[in-house]
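The values are calculated or read from the model by the stated rules, or taken from the named source; none is laboratory data. Nothing here was measured: the structure is a model prediction, and the numbers come from that model. A quick note on method: Cβ atoms are made from the backbone with ideal geometry, for glycine too, and the neighbour counts reach across all protein chains shown. Calculation scope for accessible area: heavy atoms of the full protein, side chains included, ligands and nucleic acids excluded. Shrake-Rupley method; radii C 1.70, N 1.55, O 1.52, S 1.80 Å.
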Amino acid sequence: MINMKYDVIVVGGGHAGCEAANASAKQGLKVALITSNINNIADMPCNPSIGGTAKGIVVREIDALGGLMGRVADISHLQIKMLNSGKGPAVASLRAQGDKVTYPKNMLKELKSIETLDIIEAMIEDIIVEDNTIKGVITADGTKYECTCLVLTTGTYLKSKILVGSTHKFEGPHGEESSKHLSDKLREHGLEIIRLKTGTPQRIDPNTVDYSKLSIEEGDKTPWTFSFDLEPQYDVNKQRVCYLVYTNENTHKIIMDNLDKSAMYGGYAEGIGPRYCPSIEDKVVRFKDKERHQLFLEPESDYYPDLYLQGFSTSMPIDVQEKMVHSLVGLENAKILKYAYAIEYDAINPLQMLPSEENKIIHNLYTAGQINGTSGYEEAAGQGLIAGINAGLRCKGKDPLILKRNESYIGVLLDDLVTKGTKEPYRLLTSRAEYRLILRHDNADLRLREYGYQVGIVTEEQHNRLLKKIDDIKNLTEDLKNIRITVKNESDSIKESIGDLTKGESLYNLLKRPEIKIDQLKEYIEKDYSNEVYGIVEIQVKYEGYIAKTYKEVEKMLKLEEKQIPEDIDYDKVKNIASEAKQKLKDVRPLTLAQASRISGVNPVDISVLSIYLKKEYGKDK
Ligand SMILES: Cc1cc2nc3c(=O)[nH]c(=O)nc-3n(C[C@H](O)[C@H](O)[C@H](O)COP(=O)(O)OP(=O)(O)OC[C@H]3O[C@@H](n4cnc5c(N)ncnc54)[C@H](O)[C@@H]3O)c2cc1C
C-alpha cells in the first residue's frame with residue numbers, strides 16, 4: 001500500500017537524521033522523518049558530551065550553516081568549557097556535558113516546529129529502486145512511502161549485536177530494536193557492507209562513590225555558547241562537576257588476566273573498533289608502558305542519577321567488570337547501575353559515496369552518520385546537515401553543496417571518507433585538518449554562513465548579523481592600523497607590558513607583540529565592537545603571518561581542485577602510472593586532480609603523469 005509521496009524521506013532520528021530533516025524541510029520541501037522509535041530521537045547512547053577537540057568546531061560549523069545541534073546543546077547542558085585554549089586558536093574547541101533527557105526533548109521540539117516536516121514511527125526494512133534511482137522505502141509491515149530523495153541515517157542499528165563477554169544478543173543500543181534486514185537489502189542493490197564496532201562504559205550509582213579520593217573537573221567561569229545566535233542561558237556558578245579517576249596496576253592486571261574473556265580479544269566479535277576511542281582493554285594492551293589511564297566520572301542528566309565512567313568502555317563479562325570497577329581508587333564500593341557493552345553493526349563502504357554524500361550506484365540516495373563509517377554525534381550531525389541540504393538541492397534541480405578541506409572540518413571529514421575510505425569507525429581529529437589554523441572555533445560563521453543563507457536555511461536576520469560582523473571586523477582592523485599612540489598617551493597597562501614606547505606605534509603593530517592583549521587597546525578605540533569581533537581580530541593580527549602562509553597552501557590546493565577528471569576516464573590507458581596507484585584511482589574514481597593527490601598510494605609523480613595525460617587526451621590545461 002502506497003502511503004504518501006514526499007520530496008525527501010530521512011530514515012533514522014539520530015544526530016544525522018535530525019539535521020538532515022531540518023536542512024531539507026527548511027528549504028520549503030515536503031519531508032518525512034521516519035524512525036523506529038520517536039521517543040528515541042536525538043538519543044545519546046554513549047558519552048553525554050557534545051563537542052570536544054575538533055568536534056566542538058564542527059558544532060559551530062553546523063550552527064553557522066543553519067543546523068540545530070549547537071542551539072539545542074546551548075539550552076541542554078550541565079557544564080561547558082573551552083578545551084585547549086592554552087594551545088592556540090587552531091585547536092581551541094568547546095565541550096559541553098549534555099543532559100541526556102533535555103537534549104533529545106529540545107531537539108524534538110525544534111523538529112516539531114517545522115511545518116513541512118512529518119515525523120513517522122516505523123522500522124524501514126527495504127528501499128524501492130527503479131533504473132538505479134531511489135523511489136521510496138518499505139516498512140517492516142510492508143507500508144510503502146515514496147520520495148524523490150532518500151537520506152539513510154540508521155546509525156548503529158543495522159544488524160546491531162550487543163556483546164558482553166561471550167554472550168550476545170541482536171539488539172540496538174540500550175535495548176532498542178535493531179534493523180534486521182535493511183543492510184541485506186542494500187547489499188542486494190549493490191552496496192558494499194562493512195562490519196564495525198564501538199563500545200560504551202558502565203553507569204555508576206553516585207551514592208556509592210568515595211569523592212574524597214577524586215579530584216573535581218569544573219566548567220569554565222566564562223559563559224560560552226556553540227550558537228552564533230544565542231546568548232548564554234545558564235549560570236556559570238551552577239554547573240555540574242565531573243571527577244577525575246585513574247586506572248592502576250591492579251586494574252591492568254585484572255584486564256590482562258581476563259583478556260580472553262572480552263568479546264574483542266576472546267574472538268566473539270567480528271566488527272572493527274575505533275582506534276581513537278578505544279576500549280580500556282585496547283588501551284592496556286596497546287600502551288603497556290603506561291602505568292595509569294585517565295578516566296572521568298560524568299553526570300548524564302539532572303533527571304536521573306547515573307554517572308558515566310568515560311574512558312572505561314569494555315566488552316568484558318559482568319563479573320570481570322565488577323572487579324575492574326572496584327579496583328579503581330574512589331570506586332572500591334561502587335554500585336554499577338548499567339554494565340558496559342560493545343555493539344557491532346553494519347555500515348556501508350564510504351568509497352561508494354560522492355562528496356555530496358549521494359551514493360555512486362543509486363541516484364538520489366544519500367547516506368549520513370555512523371552508516372558512513374564514522375563515530376561521534378558531531379561527525380554524524382555534520383554529515384546529516386550536508387546530506388539534507390543536498391537532497392533538498394537535488395529536488396530543486398540545483399548543484400550540490402560540497403565543502404572543501406580549507407572551508408570546514410565537515411569538508412575534511414567527507415573528503416577523507418570518499419577519498420581514503422575507512423576500515424574502522426572514523427573520528428575527527430585536529431591533526432586530520434591540514435588547514436586547521438583557518439578552521440577555527442571563532443570564524444565558523446565567516447566561513448560557512450553565506451552557504452546556509454544561499455541554500456535558504458539561514459534566515460535574513462542571521463545573514464544580516466553576519467554582514468554586520470564582517471563590516472565590524474574590517475572597520476576594527478582599519479582602526480587598529482590608523483590609530484597610533486606615542487609615549488604621551490601610552491597607558492599604564494601597556495607601559496607595564498612593554499615599557500616606554502620609543503616611537504609612535506600603530507595599535508595594529510602593538511597588537512602583534514606577544515605581550516600585548518587586545519583588551520589593553522580598547523580604550524583607544526571609540527567605536528563599539530563586540531567581544532567576539534575583538535577576539536577574531538586579535539587572532540587575525542597575531543597570527544597574520546601563519547594565516548597568510550596557510551592561504552598560500554590553500555591557493556595551491558585549489559588550483560589542483562580546478563583540474564576536473566572526466567567521469568569516463570579509462571585509467572588502463574594512462575601509461576607509466578604505478579599499478580597500485582592505478583588500482584586506487586579505479587576504486588576511488590576521484591573527481592579532481594587534488595582529490596587524486598590525496599588518495600593514499602597515489603604519489604606526486606603519478607599526479608604529474610595523470611595531469612599530462614589529461615592535457616593530451618582532454619586538452620585540460622587550464
Ligand atoms: C553503545 C554505543 C557506544 C558508542 N560509543 C561511542 C564513543 O565512544 N565515541 C563516539 O564518538 N561515538 C560513540 N558512539 C556512537 C555515537 O552514538 C554515534 O556516533 C552517533 O549516535 C551516530 O549518530 P547517527 O545519527 O549516525 O546514528 P544514531 O544516533 O545511532 O541514530 C540512528 C537512528 O536511526 C533509527 N533507525 C535505525 N535504523 C532504522 C530503520 N531501519 N528504520 C527506522 N529507523 C531506524 C534509530 O532508532 C535511531 O534513532 C556509540 C554508540 C553506541 C550505540
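Kindly list, by first and then second residue, each pair from a residue in segment 318-332 that is at positive phi to a residue that is assigned to a loop (DSSP other than H, G, I, E, B) and modelled with pLDDT of 95 or more, limited to pairs with Cβ atoms under 8 Å and residues at least 6 apart or on different chains.
Going by the 8 Å Cβ cut-off, the qualifying pairs are GLY330/VAL209; GLY330/ASP210; GLY330/LEU214.
Go through segment 110-126 and give me each residue that's away from the ligand (no atom under 12 Å from the Cβ), over 26 Å from the mean Cα position of the chain (by Cα) and farther than 15 Å from ALA20 by Cβ.
GLU115, the sole residue that qualifies.
For segment 164-214, name all the residues that are of a type in the set (A, V, I, L, M) and within 24 Å of ILE128 (Cα to Cα).
If the condition is that a residue be of a type in the set (A, V, I, L, M) and within 24 Å of ILE128 (Cα to Cα), then LEU182, LEU186, LEU191, ILE193, ILE194 are the ones that fit.
Looking only at segment 335-350, decide whether some residue is closer than 26 Å to GLY66 by Cβ and within 16 Å of the ligand (Cβ to nearest atom).
yes
If you check every pair at least six apart or on different chains, which have Cβ atoms under 7 Å apart with a residue in segment 144-164 that is of a type in the set (Lys, Arg) and assigned to a strand (DSSP E or B) first and a residue that is away from the ligand (no atom under 11 Å from the Cβ) and open to solvent by 10 Å² or more (accessible area, probe 1.4 Å) second?
Final answer for the pair search is LYS144/MET1; LYS144/ILE2; LYS144/ASN3; LYS144/ILE128; LYS161/HIS168; LYS161/PHE170.
Within segment 490-516, count every residue that is in contact with a Leu (Cβ under 6 Å, 6 or more places away or on another chain) and either assigned to a helix (DSSP H, G or I) or surrounded by fewer than 19 Cβ atoms within 10 Å (Cβ to Cβ) (or both).
Total satisfying the criteria: 3.
Considering only residues that are within 25 Å of GLN294 (Cα to Cα) and acidic (Asp, Glu), look in segment 228-284 and name the one that is most open to solvent (accessible area, probe 1.4 Å).
GLU249
Report yes if ASN406 is polar (S, T, N, Q) and open to solvent by 10 Å² or more (accessible area, probe 1.4 Å), otherwise no.
The answer is yes for ASN406.
Hey, can you tell me all the residues within segment 165-187 that are in a loop (DSSP other than H, G, I, E, B), open to solvent by 60 Å² or more (accessible area, probe 1.4 Å) and near the ligand (Cβ under 10 Å from one of its atoms)?
GLU177, LYS180, HIS181
On the given criteria, is ALA64 among the small types (Gly, Ala, Ser), more than 16 Å from the ligand (Cβ to nearest atom) and surrounded by 21 or more Cβ atoms within 10 Å (Cβ to Cβ)?
Spelling it out, ALA64 is indeed among the small types (Gly, Ala, Ser), more than 16 Å from the ligand (Cβ to nearest atom) and surrounded by 21 or more Cβ atoms within 10 Å (Cβ to Cβ).
Of the residues ILE525, ILE569, which single one is open to solvent by less than 30 Å² (accessible area, probe 1.4 Å) and within 20 Å of ASN482 (Cα to Cα)?
ILE525
Being closer than 18 Å to THR148 by Cβ and of a type in the set (Val, Ile, Thr) is the filter here, so list the residues in segment 351-383 that pass it.
Selection gives ILE361, ILE362, THR367.
Kindly list, by first and then second residue, each pair from a residue in segment 430-442 that is in contact (Cβ under 8 Å) with a residue 12 or more places away in the chain to a residue that is acidic (Asp, Glu) and in a helix (DSSP H, G or I), limited to pairs with Cβ atoms under 9 Å and residues at least 6 apart or on different chains.
Listed by first residue and then by second, the contacts come to ARG432/ASP416; GLU434/GLU553; TYR435/GLU553; LEU439/GLU61; ASP442/GLU532.
Of the conditions (1) surrounded by fewer than 23 Cβ atoms within 10 Å (Cβ to Cβ); (2) out of contact with any Gly (no Cβ under 9 Å at 6 or more places or on another chain); (3) at pLDDT 95 or above, GLY56 fails just one. Which one is it?
Result: GLY56 passes all but (1).
Pick out the one residue from GLU291, GLU281, GLU298 that is in contact (Cβ under 8 Å) with a residue 24 or more places away in the chain, of a type outside the set (Gly, Ala, Ser) and part of a loop (DSSP other than H, G, I, E, B).
GLU291
Checking SER24 against (1) farther than 20 Å from TYR145 by Cβ; (2) outside any strand (DSSP E or B), which test does it fail?
Checking SER24 against (1) farther than 20 Å from TYR145 by Cβ; (2) outside any strand (DSSP E or B), the one that fails is (1).
Residue under question is VAL129, and the condition is that it be more than 12 Å from the ligand (Cβ to nearest atom) and either within 30 Å of ILE547 (Cα to Cα) or assigned to a loop (DSSP other than H, G, I, E, B) (or both); does it hold?
When the stated conditions are applied, VAL129 does not pass them.
Would you pick out the residues in segment 85-119 that are open to solvent by 30 Å² or more (accessible area, probe 1.4 Å) and β-branched (Val, Ile, Thr)?
VAL101, THR116, ILE119
All but one of (1) touching a residue at least 40 places away in the same chain (Cβ under 8 Å); (2) under 27 Å from the mean Cα position of the chain (by Cα) hold for LYS552; which doesn't?
(1)
State the number of residues belonging to segment 351-377 that are within 14 Å of the ligand (Cβ to nearest atom) and touching a Gly at 6+ places or on another chain (Cβ under 7 Å).
The total comes to 4.
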